Amino acid sequence: MLVAFDFDGTLSDSEMTVLLGSQNGTAEDMADITERAMNNEIEYAESLRQRCALLEGLSEEKAQDAFDEVALRPGAARVIEALRDAGVYVAILTGGFERGVEVALETEGVEVDAIVANRLVMQDGELTGEVRGPLISGTKDDAMEVVTAVTGEDRDTTVAVGDGANDLPMLEVANLAIGFDPKPAVAPSCDTSVETMDELYDLLEAEDVL
């Protein structure tokens, strides 16, 4: 059994690019671009590049300050721990940044089996405004394909949990697609939806995932 989670907006109510933007006064612009992308009004890869370009010149120290603010939603750590205790392979597939995911998990003292994420390019102690990684133009169904191949899991035993338009590819290929308070453009592609981590825990229990 494999469960793949989105991070920003799902496991976390933080939006990493907005937290980073708050360090240099571009948070409002970040939020506007993010909202358009999550509602499928702009291609995700383009939105990510636009947001990261706004971070050019941000110091490594300020970037770390932003990542230190990234936190899991209440109850998310309990869900992750329960899944891993049940022998479920837990993956985080996010267009966000690996460092922020790692900080949030470390803070709660939980681990996952795989993190597929992007990273910001740093040079001479500051961000260049560039972003690199598998989930810029690559999509989450491709990432799911790789993870299932590595783990030997069957597609029939996969669960995906997400909220935004860039989660649609993995939601559409998963055996069970769970929307976490999904955006209007995403809800029709979900088999079911939840609004809290406690609801998600109960659902996974009812579906015999836990």
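How large is ³J(HN,Hα), in whole Hz, for each residue of the range 202-210 in order, when computed from phi with the Karplus curve 6.51 cos²θ - 1.76 cosθ + 1.60 and θ = phi - 60°, using x for Gly and Pro?
3J(HN,Hα) across the range 202-210, in whole Hz: 4, 5, 5, 5, 5, 8, 6, 7, 9.
Once the piece of chain linking D85 and A71 is laid out straight, how much longer is it, given 0.36 nm per residue of separation minus the C-alpha distance between them? Before the final figure, lay out each step's value.
On the way: separation 14, 0.36 × 14 = 5.04 nm, distance 2.18 nm.
Result: 2.9 nm gained on full extension.
Any idea what diffusion coefficient the chain gets from Stokes-Einstein, in µm²/s, Kirkwood Rh on alpha carbon pairs, 37 °C, 0.692 mPa s?
Translational D for this selection: 193 µm²/s.
Size of the dipole of the chain about the Cα centre, Lys and Arg at +1 and Asp and Glu at -1 on the beta carbon, nothing else charged, in debye to 20? Show your work: numbers first, answer last.
On the way: 13 positive and 46 negative charges, 82 e Å.
My answer is approximately 400 debye.
Could you please tell me the mean projected area of the C-alpha convex hull for the range 1-58, averaged over all directions and given in square nanometres to one decimal?
Working: hull surface 18.5 nm².
Taking the Cα atoms of the range 1-58, their convex hull projects to 4.6 nm² on average.
Quote the relative contact order of the range 17-68 in percent (integer), defining contacts as alpha-carbon pairs under 8 Å separated by 6+ residues. Present the calculation step by step, with values, prior to reporting the outcome.
Numbers: 41 pairs, mean separation 23.1, N = 52.
Once divided by the residue count of the range 17-68, the mean separation gives 44 percent.
So if the hydrodynamic radius of the range 103-210 is defined as the Kirkwood radius over C-alpha pairs, what does Stokes-Einstein give as its diffusion coefficient at 25 °C and 0.890 mPa s, in µm² per second?
Values: Rh = 15.7 Å.
Using the Kirkwood radius from Cα pairs, D works out to 157 µm²/s.
If I take every Cα pair under 8 Å that is 6 or more residues apart in the chain, average their sequence separation and divide by the length, what percent do I get for the relative contact order?
Values: 396 pairs, mean separation 53.0, N = 210.
In percent, rounded to a whole number, it is 25.
Take the solvent-accessible surface of the protein heavy atoms, probe 1.4 Å, and return the percent of it on the range 17-68 that carbon and sulfur atoms account for.
Accessible surface attributable to carbon and sulfur in the range 17-68 totals 40 percent.
Please give the per residue accessible area of the chain, computed with a probe of 1.4 Å over protein heavy atoms only, in Å².
Numbers: 9230 Å² over 210 residues.
Accessible area per residue, the chain: 44 Å².
When the helix-only estimate is applied to the chain (DSSP H runs of n ≥ 4, each -39,500 (n - 2.57), divided by the residue count), what is the mean residue ellipticity at 222 nm, nearest 500 deg cm²/dmol? Show your work: numbers first, answer last.
Working: 9 runs with 85 residues, N = 210.
My calculation for the chain gives -11500 deg cm²/dmol from helical runs alone.
Report the extension gain between E61 and D181 in nm, rounded to one decimal, defined as 0.36 nm multiplied by the number of residues separating them, less their alpha carbon distance. The partial results should precede the final answer.
Working: separation 120, 0.36 × 120 = 43.20 nm, distance 3.31 nm.
Here the answer is 39.9 nm.
The values are calculated or read from the model by the stated rules, or taken from the named source; none is laboratory data. Since this is a predicted model, take the numbers as computed values, not measurements. All Cβ positions, even for glycine, are placed from backbone atoms using ideal geometry, and neighbour counts span all protein chains on display. Note: areas computed on protein heavy atoms with side chains; ligands, DNA, RNA excluded. Shrake-Rupley method; radii C 1.70, N 1.55, O 1.52, S 1.80 Å.
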